[in-house]
Structure formats: structure tokens, C-alpha cells
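**Q** Here you go, one structure.
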Amino acid sequence: MLNDLLIKARSCRSFKSGKRVDDYLILSMLDDARITSATRNAQPLKYRIVSDPAEVEAFTPLTYWAKSLGIKLPPEGHEPTAYVIMCHDEEVVPFQSIYYKDVGICGEVIMLSAAEKGLGCCMIGSFDEKKTREMFGLSEKLIPVLVLALGYADEEAVIEEAVDGKVKYYRDENNVHHVPKRRLEDIILK
């Protein structure tokens, strides 16, 4: 069921070390994103796969993970084994806010596809864009807009009902990641 897949596709911030994601799985996820809806059907998104272990190790420090928790994530030795850098190609269309929705749609499709394949994934909007461009030789026309970390999950996440409108996620003493969600009746307008 889709609901089960959505629950499984929670942001993952700890991965099994040394268990690499095969490139064919990443290509399959990107093909899923490729065929999804796109604003004006312009399809300006392009992807840089980062799966070489040396590249992954060099790129990880350019990403910033859930700083509000006040702990180092991913934990040492539990880094992702691959990344996908989503870029907007201005040679296709100029970057405008109307295309932000494509980033969200394709990011979520990739997360769902990863979950379906037994992988963990985390969308990372906070990363060093300038150093990312330099590291991967991205042209000025390719704007990095989102990073997706991939690997085999090594953590548990639980969705729970928000209490008194408090939706800040947290980790408990067992390092279980809790994600409070507003109740259905709280999001339906009457």
C-alpha cells in the first residue's frame, strides 16, 4: 500500500557502513523521477550520481544534516554510500520559483523509489553549493538545488501524533527518530 511505502520512506540519517548502493538501482530511481510530472513539461532537472567511495567521502563534509538535533549526523562510520545531486539546467529553462515544485516532486519520487528498493534516503537542502560546483565541475548553467543521500538504513524512525501542535522531530534515549505529525482533522479546512 502507498501509505506503508510513505511511512517507510522517512528521512534516513544513519546508514550501514560498507554496503554500497549499486548504480543500476540509482539509475532506476532517476528513471522513476524522469517519467513523473514536470512544470510545463520542461523537464529542467539533471542529476549527478556520486557513488565512487572516494567521491562520497569527499562530498559528505559539504552536506549539513538535521542541525536542530544538536548531534553529529550521520554518525561516524554510518555515512551514506551514494548521493544524487539534483540540478536545475538553465540551458533548458531559466531557474524560477515555478520550478521548485519539480524539485519536491522528483525528490519525493526518488525517496519512494529508494524505499521500494529497500534503501534509506535523506533529502538534504543544506549543502555547500559553491564547493559542490567546484568538486564536480558543474557549469554555471547547472544549479544544484537538492542532494539526496542514499544507502541501506541503519536506524529506526517512528511517526507519531503531534501533541499540542508540537511538530519538532527528536531522538529518544535509544536513538529512535520520532517524527510528530499533525492529526488529519487538524489539516482539513472546513
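**Q** Yes or no: the stretch 14-23 includes at least one residue that is within 19 Å of Tyr100 (Cα to Cα) and either touching a strand residue (DSSP E or B) at 6+ places or on another chain (Cβ under 8 Å) or open to solvent by less than 50 Å² (accessible area, probe 1.4 Å) (or both).
**A** Taking the stretch 14-23 first, the residues within 19 Å of Tyr100 (Cα to Cα) are none.
No, the conditions are met nowhere in the stretch 14-23.
**Q** Is it the case that Ala42 is surrounded by 15 or more Cβ atoms within 10 Å (Cβ to Cβ) and of a type in the set (A, V, I, L, M, F, W, C)? Can you show your working first?
**A** Numbers: surrounded by 15 or more Cβ atoms within 10 Å (Cβ to Cβ): no; of a type in the set (A, V, I, L, M, F, W, C): yes.
No; evaluated as a whole, the condition is false for this residue.
**Q** Before we move on, is Glu108 in a loop (DSSP other than H, G, I, E, B) and within 20 Å of the chain's Cα centre (by Cα)? Talk me through it step by step, then tell me what you get.
**A** Values: in a loop (DSSP other than H, G, I, E, B): no; within 20 Å of the chain's Cα centre (by Cα): yes.
Answer is no for this residue.
**Q** Next up: Is it true that Tyr83 is open to solvent by 60 Å² or more (accessible area, probe 1.4 Å) and among the hydroxyl-bearing types (Ser, Thr, Tyr)? Can you show your working first?
**A** On the way: open to solvent by 60 Å² or more (accessible area, probe 1.4 Å): no; among the hydroxyl-bearing types (Ser, Thr, Tyr): yes.
Taking the combined requirement at face value, the residue does not satisfy it.
**Q** If we only count strands (runs of 3 or more DSSP E) wholly inside the stretch 118-190, which ones have 1 or more residues that are loosely packed, with under 15 Cβ neighbours inside 10 Å? Outline the logic, then answer.
**A** Working: elements: 120-124, 142-151, 157-161, 177-181.
Filter on the stretch 118-190 gives 157-161, 177-181.
**Q** Name the residues in the stretch 53-80 that are open to solvent by 40 Å² or more (accessible area, probe 1.4 Å) and either more than 17 Å from Arg133 (Cα to Cα) or aliphatic (A, V, I, L, M) (or both), would you? Before the answer, list the steps.
**A** At the first step, the residues of the stretch 53-80 found to be open to solvent by 40 Å² or more (accessible area, probe 1.4 Å) are 53-55, 57-58, 61, 64, 67-68, 70-72, 76, 78-79.
Pro53, Ala54, Ala58, Lys67, Ser68, Gly70, Ile71, Lys72, Glu76, His78, Glu79 - these are the residues of the stretch 53-80 that are open to solvent by 40 Å² or more (accessible area, probe 1.4 Å) and either more than 17 Å from Arg133 (Cα to Cα) or aliphatic (A, V, I, L, M) (or both).
The values are calculated or read from the model by the stated rules, or taken from the named source; none is laboratory data. All of these numbers come straight from a predicted model, not from anything done at the bench. Heads up, the Cβs are rebuilt from the backbone with ideal geometry, glycines too, and the neighbour counts pull from every protein chain shown. Surface areas here come from the heavy atoms of the whole protein model, side chains and all, with no ligands, DNA or RNA. Shrake-Rupley method; radii C 1.70, N 1.55, O 1.52, S 1.80 Å.
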